[in-house]
Amino acid sequence: MMGELDYKLEEAFGRLKENIENALIIVHLQSDDKEVNIYLIAKQPNEDIYYGILETEFITKKQIAGIPLSNIIAADVKEVSVKPFWSKTYIEENIKKFKPLTIRELFLSNSKFKLISEDI
């Protein structure tokens with residue numbers, strides 16, 4: 001796709017692995033007719049697989065999935081401006097709003113801390 005965009009998405013891959021249930025959507029791609037929307041979260045380093053939410057008239061269920069670069073190219077989409085927002089809020093409530101995590105949410109969303117807290 002694009003160099004800087006790929007770099008940002010590859011950097012986000014680690015965060016996606018840490019918290020796939022509430023990943024941060026950082027890129028919005030849209031077709032000219034607005035029939036196709038792709039909300040990207042991350043990119044698999046060294047591969048042409050992106051992770052995000054794909055919406056078309058045929059796909060009505062919002063879910064995070066792997067999206068091959070070839071599918072993105074075939075969709076003929078362009079990047080549109082978007083402020084990052086949480087995937088869980090969008091999937092469950094259709095709300096595209098970024099709300100900073102509380103310290104408790106941040107603590108519980110990190111698998112390393114979660115393991116420690118379960119031992120206590």
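State all residues of the stretch 46-59 that are under 13 Å from SER87 (Cα atoms) and either among the hydrophobic types (A, V, I, L, M, F, W, C) or loosely packed, with under 15 Cβ neighbours inside 10 Å (or both); if no residue qualifies, say none. Matches in the stretch 46-59: ILE53, LEU54. Applying the set (1) in contact with a Phe, Trp or Tyr (Cβ under 7 Å, 6 or more places away or on another chain); (2) outside any loop (DSSP other than H, G, I, E, B) to GLU4 leaves exactly one unmet item: (1). What do you reckon, is ILE72 touching a helix residue (DSSP H, G or I) at 6+ places or on another chain (Cβ under 8 Å) and at pLDDT 90 or above? No; evaluated as a whole, the condition is false for this residue. The residue of the stretch 72-84 that is surrounded by the most Cβ atoms within 10 Å (Cβ to Cβ), among those that are of a type outside the set (A, V, I, L, M) and closer than 17 Å to ASP32 by Cβ, is GLU79.
Of the residues in the stretch 17-35, how many are free of Cβ contacts under 8 Å to residues at least 40 places away in the same chain and surrounded by 14 or more Cβ atoms within 10 Å (Cβ to Cβ)?
0
Only one entry of LYS8, LYS43, LYS62 meets the criterion of being under 18 Å from ILE91 (Cβ atoms), among the charged types (D, E, K, R) and surrounded by 14 or more Cβ atoms within 10 Å (Cβ to Cβ), and that entry is LYS62.
The values are calculated or read from the model by the stated rules, or taken from the named source; none is laboratory data. Remember, it's a predicted structure, so these values are computed and weren't measured experimentally. Neighbour counts are summed over all protein chains in view; Cβ atoms, including those assigned to glycine, are modelled from backbone coordinates with ideal geometry.
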